[in-house]
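The values are calculated or read from the model by the stated rules, or taken from the named source; none is laboratory data. The structure presented is a predicted model; accordingly, all values stated were derived computationally and were not measured. We place every Cβ from the backbone using ideal geometry, glycine too, and count neighbours over all the protein chains shown.
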Amino acid sequence: MLEPIISIENLSCKSGNRYILHNINWQVNDGEHWLVFGKNGCGKTTLLSCIAGFKPVSSGMVKVLGETYTAENIFSLRKKVGWVSSSFFDNYFKNESALQIVLSGLFGTFNIDYDVRDQDVRTAKALLRELHMEYKMKQPFYMMSKGERQNVLIARALISKPKILLLDEPGTGLDIEAREYMMTSVATLAEQSKVTIIYVTHYPEEIQPFMNKAMLLQNGRIYKKGDLEDVIRQETLSMFFDRQVQIRKQENGRLQFMLEMKANALQLS
Amino acid sequence: MSDIQVDGRIERLKRRTQQCVCKYCGRELTLRHIVFSDINEAKVELYCNFCNRIEFGVEKEIYYSAYNFIDNLEFDYYENLDANEKKHQMNVAKICEIISWNCKNMGLLNQDGFTVPLNVEENTWSECLVLPSREVVLQEEEGK
């Protein structure tokens, strides 16, 4: 039996007295690509930051590629996990250039190190060019649009040729062309490489055929997890959202969720 | 790409705060807690408080040389940008990168600084140097 790619046991994370994550048990095995779905503030980014080695856990255990994060392996293990999360990195990167941020992915840190090789710089530039960022390489992170920042983080995640790719709402802020390009690239990666993908999104149209597992996260707890077709069902989602949900398949095969909704904000004003 | 050496990382970064400055503004770098972590080595990065930037820095001699080059030769790598302090800093940083790259490849520079004694001509440095306060004290003591 192969060791799971990610193994999480009784994981809890607290902020003050509040549990952001509570008693999470989850295994990601080789060949699985997960969709993580949940409302704003349900703990998705915290869960991914624990897996990426950027947040300590309050209790429980997180094993990535068979190892827990220690002082000895933290940087080498982080490099094996490509992490795209503007909700996380927007807090840390401000005046740093796109090129510096991409290169930092080679070290598992926020900064470059002495040991940057010419080949690394060429690779970083090629990645940025591929993501249509050739004219923004020296631009500070804060001066970029949300979509451009997302592309920088995608390049940062890919530069170390990770074994696991954590994508935290990667389509948010991208224009329609950039989002399609990103989704196609991720699908190609899933199909042509051995990388394991964890894809967090709010948008059902980003659910792609390569995703074979799904988890619904609610208030820091796992609501349901399993095979994608068992989780992304009308009955389950209706209970999850506490309102009637209809799932429609569009002509291009993408899903669309229709939520029964009444808004009374105008009457309140 | 070799893995970053975890052992002694903080000591290495501390040494770098002594020998290097921000390649944009030339001011001293500090060690700053960037992220909350239970592993000390993973918490800190080199930081320029003046630029609010995570910054690896360059040797002071390289910075002053680059600064002087930009000022004396009116070199402009970023012709499309408006002329302002930011652009000047970006130009200095660009030259710093080129000089560092060359020194590294010539075997004149490694992680611990220059591998050969420097014989810098005094007039190649700008007359106005930005010195961290502890260096001012040191220079005063040396002058006594």
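Has region A:116-127 got at least one residue that is in a loop (DSSP other than H, G, I, E, B), in contact with a Lys or Arg (Cβ under 9 Å, 6 or more places away or on another chain), at the interface with another protein chain (Cβ under 9 Å from one of its Cβ atoms) and free of Cβ contacts under 8 Å to residues at least 40 places away in the same chain? No, every residue in region A:116-127 fails to be in a loop (DSSP other than H, G, I, E, B), in contact with a Lys or Arg (Cβ under 9 Å, 6 or more places away or on another chain), at the interface with another protein chain (Cβ under 9 Å from one of its Cβ atoms) and free of Cβ contacts under 8 Å to residues at least 40 places away in the same chain. In region B:49-63, the residue that is farthest from residue A:110 (Cα to Cα) out of those that are more than 9 Å from every other protein chain (Cβ to nearest Cβ) and surrounded by fewer than 21 Cβ atoms within 10 Å (Cβ to Cβ) is B:61.
Looking at A:119, A:139, just one residue is at pLDDT 95 or above, surrounded by fewer than 19 Cβ atoms within 10 Å (Cβ to Cβ) and not assigned by TED's automatic domain parsing to the domain that holds residue A:169, and that residue is A:119.
In the set (1) in the same structural domain as residue A:12 (by TED's automatic domain parsing); (2) of a type in the set (Phe, Trp, Tyr); (3) touching an Asp or Glu at 6+ places or on another chain (Cβ under 7 Å); (4) farther than 17 Å from residue A:34 by Cα, the condition left unmet by residue A:210 is number (4).
Of the residues B:81, B:46, only one is more than 9 Å from chain A (Cβ to nearest Cβ) and not in a helix (DSSP H, G or I); which? So that I can check it myself, show each step before the final result.
Values: B:46 fails: more than 9 Å from chain A (Cβ to nearest Cβ).
None of the other options fit; the residue is B:81.
Please work out which residue is modelled with the lowest pLDDT, limiting yourself to region B:28-43 and to residues that are more than 7 Å from chain A (Cβ to nearest Cβ) and within 22 Å of the chain's Cα centre (by Cα). Taking the candidates together, the pick is B:43.
Summed over region A:98-115, residues that are within 22 Å of the chain's Cα centre (by Cα) and either more than 10 Å from chain B (Cβ to nearest Cβ) or of a type outside the set (Phe, Trp, Tyr) (or both) total 12.
Going through region A:248-266 one residue at a time, which ones are aliphatic (A, V, I, L, M) and within 15 Å of residue A:208 (Cβ to Cβ)?
A:255
When residues of region A:81-97 are filtered for being within 11 Å of chain B (Cβ to nearest Cβ) and touching a Gly at 6+ places or on another chain (Cβ under 9 Å), how many remain? Step through it out loud before you land on a result.
As a first pass, look at region A:81-97 and keep what is within 11 Å of chain B (Cβ to nearest Cβ): A:88-89, A:91-97.
Applying the additional criterion that residues be touching a Gly at 6+ places or on another chain (Cβ under 9 Å) yields none.
Result for region A:81-97: 0.
Here region A:177-223 is the region considered, the condition is being under 14 Å from the mean Cα position of the chain (by Cα) and surrounded by fewer than 16 Cβ atoms within 10 Å (Cβ to Cβ), and the residue that is nearest to residue A:43 (Cα to Cα) is A:202. Scanning region B:12-27 for residues being touching a Gly at 6+ places or on another chain (Cβ under 7 Å) and either at the interface with chain A (Cβ under 7 Å from one of its Cβ atoms) or under 18 Å from residue A:104 (Cα atoms) (or both) gives a total of 3. Within region B:57-77, residues that are more than 17 Å from residue B:15 (Cα to Cα) reach partners that are among the basic types (Lys, Arg) and in a helix (DSSP H, G or I) with beta carbons closer than 7 Å, at six or more positions or on different chains, in the pairs B:77/B:94. Mind checking whether some residue in region B:2-11 is in contact (Cβ under 8 Å) with a residue 12 or more places away in the chain, more than 30 Å from residue A:51 (Cα to Cα), within 11 Å of another protein chain (Cβ to nearest Cβ) and assigned to a helix (DSSP H, G or I)? No, there is no match, as no residue in region B:2-11 is in contact (Cβ under 8 Å) with a residue 12 or more places away in the chain, more than 30 Å from residue A:51 (Cα to Cα), within 11 Å of another protein chain (Cβ to nearest Cβ) and assigned to a helix (DSSP H, G or I).
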